[in-house]
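The structure appears right after this line, and notes come after that.
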Amino acid sequence: MSNRLSVTTIALASAVAGAVVALAAARVVTQGATTPYRASRTPDGKPDLNGIWQALNEANWDIEAHNTGPSPAPQLLGALFAQPAGAGVVEGGPLPYRPEALAKKKENFERRLTRPTSLELNETAGDPEAKCYMPGVPRATYMPFPFQIVQTPQQILIAYQFANATRQIHIGREPEAPAESWMGWSIGRWEGESLVVDVTSQIDRTWFDRAGNFHSDALHVVERYTPTSRDHLLYEATIDDPKVFTRPWKMSMPLYRRVEQNALLIDFKCVEYAQDFMYGHLLRP
Amino acid sequence: MFRRMVASGALGVAVVILLPALVPVAGQSAATKTPWGDPDLQGVYTFSTLTPLERPVTLEGKVALTEAELAEQEERDAENRVSEGRPLAEGNPGTYNNFWTSNEKGRRTGRSSLIVDPSDGRKPPLTPEATKVREQLAAEAAARRVGSPPFVHVIYRSWKDLPTYTQCVARPMPRQNQAYNHGVQILQSPGYVVIHYESMHDVRVIPLDGRPHLPDNVRLWNGDSRGRWEGDTLVVDWRNFDPRQEYEGAHQTNMHFVERFTRVDAKTLDYQVTVDDPTTWTAGWTFVLPWRGDDSNYQQPEHLYEYACHEGNYRQMEDALSGARALENAAARRSN
C-alpha cells in the first residue's frame with residue numbers, strides 16, 4: 001500500500017515538475033517570439049539595412065495564389081520558363097478589384113506578350129518586364145534579381161539589378177516630386193526597427209507581376225522594411241489605389257541577404273534583349 | 001583657386017594631387033571623414049565644362065589661359081547663347097542649347113585642355129590596329145549613306161546602327177563633359193563608395209575590400225570597378241568593359257581606367273582619369289575634370305531626376321527605323 005502510494009506520489013511529483021518545466025519553457029519560447037530582433041546600428045543610430053537582398057518566391061509570376069502553367073512558347077522552350085505554382089503574397093484573399101478593373105486585368109494577361117507595333121500598342125499592352133522597362137514599386141522588390149541598399153542618414157539609394165533601375169528614398173526631408181516617374185517618389189522615415197517608405201507619383205504603366213495585375217496613377221504604396229535576423233528582412237507593402245481597387249490591400253514576404261563571399265550587384269542592362277521584341281517589325285523585310 | 005593650382009603647367013598632375021593636402025581652404029578641412037574613418041567624398045556634383053578634352057591647335061603650347069583670355073571666351077559664349085546675337089525678347093528662352101545647357105560662369109577649368117598628359121594636351125596616336133578598325137567602321141558607315149550633299153541621310157539597317165546611347169542601351173564611360181544631365185552624386189557606406197549618375201540612372205557600386213575583379217570573360221557596359229584609398233584619394237581600377245562599348249572613338253574591349261577622386265574643398269572634387277589601352281593608343285593619357293557642387297540645378301540628391309531613357313524612346317526608334325525603310329524604298333524607286 002505505502003509502495004503504491006510512494007510510486008504514485010513520485011509519478012505525480014514528476015508530472016507536476018514536468019509541467020512546471022514545460023510551462024517555464026513555454027514562457028521562454030513565448031518571450032523569444034515577442035521580443036523583436038534588434039539589428040546592428042549605423043553610425044547615426046538607425047537599423048542597418050546596408051547589403052544585397054533578394055526575394056525568393058513566385059510573386060513576380062503572380063502575386064495571388066496560382067497554379068503551374070506553361071511558358072509562353074512551349075513548342076520552343078519546353079519546360080524552360082514554365083510557371084511554378086505559388087501560395088500568393090497578398091494577405092486576405094483575392095485582390096479587391098473594381099469590376100471594370102478586373103476585366104482590364106484579364107485583358108492585360110491575354111495581351112501580355114503583344115508586340116508593340118505602334119506607339120499606342122506600346123503604351124496600352126504588354127508586360128513592361130518584356131520590354132525591360134523599370135518595374136516600379138513594389139514589383140522591383142520581388143523580381144527574381146537582387147538589389148542593393150546603400151544607406152546614409154539623409155538618403156537611402158536602392159540599386160536594382162533588373163534594368164539597372166534606381167530609386168532614392170529621402171529621409172528627414174520631404175521634397176516634392178518634380179513629375180511622375182517609373183520608380184515613383186519615395187519619402188522614408190524610421191519607426192522603431194522599421195524603415196517606412198511612402199511611394200507616390202508612379203506612372204501607371206508598370207504592373208505588379210506577369211499576370212497583368214496593374215494600378216492607376218492614383219497608386220499610393222506604403223512599404224515597411226523590418227530586419228528579423230542578421231540576414232532577413234520582413235517586407236510589407238500596403239497598396240492603396242481607389243481607381244482600381246475597392247479598398248487598400250497588403251502583401252508581405254521575407255527578403256534574404258545575399259551572403260556569398262564577394263556578393264556583388266552585377267548590372268543587368270536588358271534593353272538590348274528587348275529590341276527585337278519591340279522594334280523587329282521595323283527591319284527590312 | 002583651382003586655376004591657380006593648375007597654372008603651374010609642367011608640374012600639372014603632381015601639383016593637383018599634392019596641393020589639396022597642403023593647402024586646405026580656410027574654414028573647411030579638405031580631408032573630412034565619414035563616421036567610420038574613410039575620407040568623405042559625398043555630395044551632389046556636376047562635371048560639365050566648356051574646356052575641350054584636347055588642346056585646340058590654335059592654343060598649341062599654352063597650358064593655361066590668362067584671366068583676360070577667359071573673360072573673352074565667356075563673352076563670346078554669351079553672344080552665341082542668345083538668338084543670333086540679339087537680346088532675347090521677353091518669354092523667349094533663347095536657342096535650343098541655351099534652354100537646355102547649364103551656363104554658369106566657372107564652367108571652364110582655366111586650362112586649354114582637360115588632357116594633362118601627354119604635355120601637348122592631345123591624345124597619343126592610335127595604334128596601326130586601331131587605325132585600321134576606325135577606317136573600316138568609317139567605310140561601313142559611308143556605305144550606309146544615301147543622297148548627295150546637303151541632303152545626305154544614313155540608312156539604319158537595324159537599331160544596332162544607332163549609337164548605344166541613342167538606343168538607350170548604355171552610355172560611354174567614363175562620363176565627361178556633358179552639357180546637360182551632368183549631375184552626379186557620391187554616397188558612402190562602410191566598405192563601399194557608390195556613384196549615382198543622373199544620366200541613364202547608372203549606379204556604380206565600388207567595393208573597397210580588395211576583392212578581385214570579375215573574371216575576364218564577364219564584360220559589362222559600365223565595366224567593373226574596384227576602389228582603394230591612397231591617403232585621402234580614392235583610386236578606382238576600372239575594367240571588364242563590353243567590347244561593343246565605345247569611348248573616344250574606340251571599342252572598350254581592352255580599356256582600363258584608373259580614376260582618382262580627391263576632395264579639394266567643401267564644393268569641389270578633383271577627378272582624374274588615366275586611360276590605358278595599348279591596343280588602341282600608343283601611350284596612356286590622363287585628363288582632369290573638376291566635379292563641382294556649385295551648379296544651382298544640382299544642389300540636393302532629389303535634383304538628380306529619373307532618367308527613363310528607354311521607357312521614353314519608342315517614338316524615336318520607330319521614327320529612325322521607319323524613316324530608314326522609307327529612304328530605302330525611295331532609293332529603290334529611283335533606280336527602277
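The values are calculated or read from the model by the stated rules, or taken from the named source; none is laboratory data. Note that the structure is a prediction, hence the values are computed from the model and not measured. Note that each Cβ is placed from the backbone with ideal geometry, even for glycine, and that neighbours are counted across all protein chains shown.
Could you list, in sequence order, the residues of segment A:75-122 that are polar (S, T, N, Q) and either surrounded by 14 or more Cβ atoms within 10 Å (Cβ to Cβ) or in contact with a Gly (Cβ under 8 Å, 6 or more places away or on another chain) (or both)?
A:Q83, A:N108, A:T114, A:T117, A:N122
Yes or no: segment A:248-256 includes at least one residue that is part of a loop (DSSP other than H, G, I, E, B), assigned by TED's automatic domain parsing to the domain that holds A:A140 and not β-branched (V, I, T).
yes
Collect the residues in segment B:289-302 that are facing chain A (nearest Cβ under 9 Å) and either touching a helix residue (DSSP H, G or I) at 6+ places or on another chain (Cβ under 6 Å) or buried (at least 16 other Cβ atoms within 10 Å of the Cβ) (or both), keeping them in residue-number order. Write out each step before concluding.
We begin by selecting, within segment B:289-302, every residue facing chain A (nearest Cβ under 9 Å); these are B:300-302.
Result: B:P301, B:E302.
Can you pull out the residues in segment A:137-162 that are more than 9 Å from chain B (Cβ to nearest Cβ) and of a type in the set (S, T, N, Q)?
A:T141, A:Q161
Looking at (1) under 20 Å from A:F208 (Cβ atoms); (2) in contact with a Lys or Arg (Cβ under 7 Å, 6 or more places away or on another chain), which one does A:P99 not meet, given that it meets all the others?
(2)
Of all the residues that make up segment A:128-164, how many are assigned to a loop (DSSP other than H, G, I, E, B), closer than 22 Å to B:E198 by Cβ and aliphatic (A, V, I, L, M)?
3
Look through segment B:282-312, keep the residues that are more than 30 Å from B:N254 (Cβ to Cβ) and polar (S, T, N, Q), and return whichever of them is nearest to the chain's Cα centre (by Cα).
B:N297
Could you tell me which of the residues B:L214, B:L234 is assigned to a strand (DSSP E or B) and either at negative phi or not β-branched (V, I, T) (or both)?
B:L234
Taking only segment A:41-58 into account, find how many residues are without any contact (Cβ under 8 Å) to a residue 60 or more places away in the chain and either part of a strand (DSSP E or B) or within 13 Å of chain B (Cβ to nearest Cβ) (or both).
Taking segment A:41-58 as the starting set, the residues that turn out to be without any contact (Cβ under 8 Å) to a residue 60 or more places away in the chain are A:41, A:43, A:45, A:58.
If we keep only those that are either part of a strand (DSSP E or B) or within 13 Å of chain B (Cβ to nearest Cβ) (or both) too, we end up with A:41, A:43, A:45.
Of the residues in segment A:41-58, 3 are without any contact (Cβ under 8 Å) to a residue 60 or more places away in the chain and either part of a strand (DSSP E or B) or within 13 Å of chain B (Cβ to nearest Cβ) (or both).
Out of B:P20, B:P56, B:P39, B:P52, I need the residue that is under 17 Å from B:L234 (Cβ atoms), modelled with pLDDT of 85 or more and either away from chain A (no Cβ under 14 Å) or in contact with a Pro (Cβ under 8 Å, 6 or more places away or on another chain) (or both). Which one?
Checking each option against the conditions leaves just B:P39.
Given A:R205, A:R167, which one is closer than 30 Å to A:F81 by Cα, in contact (Cβ under 8 Å) with a residue 24 or more places away in the chain, within 14 Å of chain B (Cβ to nearest Cβ) and assigned to a strand (DSSP E or B)?
A:R167
Taking segment B:188-223, which residues are over 19 Å from the mean Cα position of the chain (by Cα), buried (at least 19 other Cβ atoms within 10 Å of the Cβ) and of a type in the set (D, E, K, R)?
none
Identify the residue in segment A:123-161 that is farther than 19 Å from A:I63 by Cα and charged (D, E, K, R) and, among all such residues, is surrounded by the fewest Cβ atoms within 10 Å (Cβ to Cβ).
So, considering only residues that are farther than 19 Å from A:I63 by Cα and charged (D, E, K, R), the one surrounded by the fewest Cβ atoms within 10 Å (Cβ to Cβ) is A:E123.
So B:R204 passes all but one of these: (1) part of a strand (DSSP E or B); (2) of a type outside the set (V, I, T); (3) more than 10 Å from chain A (Cβ to nearest Cβ). Which condition number does it fail?
Among (1) part of a strand (DSSP E or B); (2) of a type outside the set (V, I, T); (3) more than 10 Å from chain A (Cβ to nearest Cβ), B:R204 violates only (3).
Here are some residues: B:T262, B:T286. Which one is more than 14 Å from every other protein chain (Cβ to nearest Cβ), touching an Asp or Glu at 6+ places or on another chain (Cβ under 6 Å), buried (at least 17 other Cβ atoms within 10 Å of the Cβ) and closer than 18 Å to B:N177 by Cα?
Values: B:T262 fails: closer than 18 Å to B:N177 by Cα.
Sole residue among the options that is more than 14 Å from every other protein chain (Cβ to nearest Cβ), touching an Asp or Glu at 6+ places or on another chain (Cβ under 6 Å), buried (at least 17 other Cβ atoms within 10 Å of the Cβ) and closer than 18 Å to B:N177 by Cα: B:T286.
Do we find that A:I169 is over 16 Å from A:I63 (Cα atoms), surrounded by 20 or more Cβ atoms within 10 Å (Cβ to Cβ) and touching a Lys or Arg at 6+ places or on another chain (Cβ under 7 Å) in this structure?
no
Any chance segment A:260-271 includes a residue that's touching a strand residue (DSSP E or B) at 6+ places or on another chain (Cβ under 7 Å), within 30 Å of B:G210 (Cβ to Cβ), assigned to a strand (DSSP E or B) and within 14 Å of chain B (Cβ to nearest Cβ)?
yes
Scan segment B:224-239 and tell me whether some residue there is within 14 Å of another protein chain (Cβ to nearest Cβ), closer than 25 Å to B:G121 by Cβ and crowded, with 20+ Cβ neighbours inside 10 Å.
Yes: segment B:224-239 contains one or more residues that are within 14 Å of another protein chain (Cβ to nearest Cβ), closer than 25 Å to B:G121 by Cβ and crowded, with 20+ Cβ neighbours inside 10 Å.
Exactly one of (1) within 30 Å of B:D209 (Cα to Cα); (2) crowded, with 18+ Cβ neighbours inside 10 Å; (3) without any contact (Cβ under 8 Å) to a residue 12 or more places away in the chain is unmet by A:Q275. Its number?
So A:Q275 meets the others, but not (1).
Just checking, how many residues over segment B:201-244 are closer than 30 Å to A:G184 by Cα and not hydrophobic (A, V, I, L, M, F, W, C)?
Result for segment B:201-244: 8.
Taking segment A:170-180, which residues are within 7 Å of another protein chain (Cβ to nearest Cβ) and within 16 Å of A:V197 (Cβ to Cβ)?
A:H170, A:P175
Can you pull out the residues in segment B:144-161 that are touching a strand residue (DSSP E or B) at 6+ places or on another chain (Cβ under 9 Å) and either assigned to a loop (DSSP other than H, G, I, E, B) or hydrophobic (A, V, I, L, M, F, W, C) (or both)?
Those that are touching a strand residue (DSSP E or B) at 6+ places or on another chain (Cβ under 9 Å) and either assigned to a loop (DSSP other than H, G, I, E, B) or hydrophobic (A, V, I, L, M, F, W, C) (or both): B:R144, B:V146, B:G147, B:V152, B:V154, B:I155.
Looking only at strands (runs of 3 or more DSSP E) that lie completely in segment B:239-336, which have at least 1 residues being free of Cβ contacts under 8 Å to residues at least 12 places away in the same chain?
Answer list for segment B:239-336: none.
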